[in-house]
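The structure under discussion appears below in the form of structure tokens.
The values are calculated or read from the model by the stated rules, or taken from the named source; none is laboratory data. Note that the structure is a prediction, hence the values are computed from the model and not measured. Neighbour counts run over all protein chains shown; Cβ positions are idealised from the backbone, glycine included.
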Amino acid sequence: MTNFCVHSLAGVSVVDSRGALRPCCKYDNRDSIPTIFDVDTLDGLHRIKPYADIKNNLNKGNWPRGCHRCQLSEQSNIQSRRQWTNKFYGDHGLILKPGKIQDLEIALDYTCNMRCQICNPGASSKWSTDKSLLNELDTLGVKLDGHTDYRNYQDRMQYVLSNTDLSAARHVKIEGGEPFYAKHLSWFVNKLRHEVLQPHLLFLNITTNGSVYPEKKVIRQLQYFRNSCISFSLDGTEKLAEATRWGAKWETIDENIKKFTQTGINLQASCTVSILNWNQLAPLIRYLKHRNITLNFSELTDPKHLSIYQLPLSVRKQFVTGNTSLDNILTADITIDNQLSKTRDYINIIDRYQKTDFSSVNKQAWEIINANIR
């Protein structure tokens, strides 16, 4: 029995402004994990502790503490990040080159124009602009990552990447912040173009909130890669989108998506299923189907006060949609501590600062939250 994982051999994820070098974005044990400020290159990373220990434990069939999210997903019949990546590389790593950086998920910096409710200051500069909001949430017991040294991060990230061999890269995902605001985006895509030995096999994914359309130079750079992809992070449409991912009008996002459809670049979308949107996703499914854009779902597990698994399974089962991926998330036999009173108070605080009214945007979810408070 083995829990073989490509990420333990060739994956690096840097998706918080502290620069933690995790094997993948789902790994959540930062003990002994170095940061980009501790290394000069990503080369050779998987040969040292703790990465070698993670690999050995997984190969023996164990689940390291930081891998419990994949463990929980697989136990609940939800495709885990481990399973997705293993399938991408061939279930037995047929195109894997252990020790080479092949799977890279990074934020080049954290400049962002949105304050998404499921996000935090460690991943969005917009969150860090209102200290009084952060202080009020802290009083509520919602402790958000407040590390906001964005400029030091972006310069150090460029330095580490410039010293890293990406010639064997097969899957590169660029996040943010909003990546189309990233100072070094064009530089990094150009590095990939000149360095990757098989660019026609590279899957390059830019994850955007859809509110920003990049300059023509960046579009041309992305068009060079046959398997490049723009992935829109959308948690709803219309007013629900504006309330949950606050900072831009839905009309702006809609217009930009229309522009992207004219570029010839592959398009897809991802939706994070949370307590804010779990019952109102049919309009998003219809919207993207009409535009021939594939939609992928993932479940929010942290922070817990925004997780749907606070709700009884009997309640969640009432909202199955016929979409297998979404329904697997809704009907997963997972139960966590009920923090719905914190959920209610969090939403009220956010509404006050954003001048929104979640109770009218998603009245049904609001009523269910209040009905299940214990």
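Here Ser124 meets each of (1) buried (at least 21 other Cβ atoms within 10 Å of the Cβ); (2) in contact (Cβ under 8 Å) with a residue 60 or more places away in the chain; (3) within 17 Å of the chain's Cα centre (by Cα) with one exception, condition (2). Checking each residue of the stretch 331-352 against the condition of being in a helix (DSSP H, G or I), surrounded by fewer than 18 Cβ atoms within 10 Å (Cβ to Cβ) and in contact with a strand residue (DSSP E or B) (Cβ under 9 Å, 6 or more places away or on another chain) gives no match. In the stretch 337-348, the residues that are among the small types (Gly, Ala, Ser) reach residues that are surrounded by fewer than 17 Cβ atoms within 10 Å (Cβ to Cβ) and outside any helix (DSSP H, G or I) with C-beta atoms within less than 6 angstrom, at least six apart or across chains, in these pairs: Ser341/Ile373. Of the residues making up the stretch 129-188, just one is buried (at least 21 other Cβ atoms within 10 Å of the Cβ), over 24 Å from Ala10 (Cβ atoms) and charged (D, E, K, R), namely Glu178. Among residues of the stretch 334-351 being aliphatic (A, V, I, L, M) and more than 23 Å from the chain's Cα centre (by Cα), the one that is nearest to Trp366 (Cα to Cα) is Leu340.
Between Ser132, Ser167, Ser124, Ser128, the distinction of being assigned to a loop (DSSP other than H, G, I, E, B) and within 29 Å of Arg344 (Cα to Cα) belongs to Ser124 only.
Identify, by number, the condition in (1) of a type outside the set (Asp, Glu); (2) more than 26 Å from Asp235 (Cβ to Cβ); (3) part of a loop (DSSP other than H, G, I, E, B) that Tyr27 doesn't meet. Failing condition for Tyr27: (2).
Residue count for the stretch 353-374, restricted to those that are in a helix (DSSP H, G or I) and either aliphatic (A, V, I, L, M) or within 24 Å of the chain's Cα centre (by Cα) (or both): 7. Filtering the stretch 98-107 for residues that are surrounded by fewer than 16 Cβ atoms within 10 Å (Cβ to Cβ) and either among the small types (Gly, Ala, Ser) or in contact (Cβ under 8 Å) with a residue 12 or more places away in the chain (or both) leaves a non-empty set.
Of all residues in the stretch 262-275, those that are part of a strand (DSSP E or B) have Cβ atoms under 6 Å from Cβ atoms of residues that are surrounded by fewer than 16 Cβ atoms within 10 Å (Cβ to Cβ), 6 or more apart or on another chain, in Gln268/Thr294; Ser270/Asn296.
Rundown of residues vs (1) surrounded by 14 or more Cβ atoms within 10 Å (Cβ to Cβ); (2) at pLDDT 95 or above, yes/no style:
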| residue | (1), (2) |
| --- | --- |
| Leu204 | yes, yes |
| Pro214 | yes, yes |
| Arg226 | no, no |
| Thr244 | yes, yes |
| Ile265 | yes, yes |
| Ser274 | yes, yes |
| Trp278 | yes, yes |
| Lys289 | no, yes |
| Ile293 | yes, yes |
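Do you know which of the residues in the stretch 43-74 that are among the charged types (D, E, K, R) and either buried (at least 19 other Cβ atoms within 10 Å of the Cβ) or in a loop (DSSP other than H, G, I, E, B) (or both) is modelled with the highest pLDDT? Of everything passing the filter in the stretch 43-74, Asp43 is modelled with the highest pLDDT. Residues that are surrounded by fewer than 22 Cβ atoms within 10 Å (Cβ to Cβ) and among the basic types (Lys, Arg) within the stretch 7-25 comprise just one, Arg18.
Yes/no per residue for (1) aromatic (Phe, Trp, Tyr); (2) at positive phi:
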| residue | (1), (2) |
| --- | --- |
| Ile95 | no, no |
| Gly99 | no, yes |
| Ile106 | no, no |
| Tyr110 | yes, no |
| Asn113 | no, no |
| Lys131 | no, no |
| Asp138 | no, no |
| Asn163 | no, no |
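Within this structure, Asn77 passes the test of being surrounded by fewer than 15 Cβ atoms within 10 Å (Cβ to Cβ), under 24 Å from Lys87 (Cβ atoms) and touching a residue at least 60 places away in the same chain (Cβ under 8 Å). Per the listing Arg245, Arg220, the residue uniquely of a type in the set (Lys, Arg) and touching a strand residue (DSSP E or B) at 6+ places or on another chain (Cβ under 8 Å) is Arg245.
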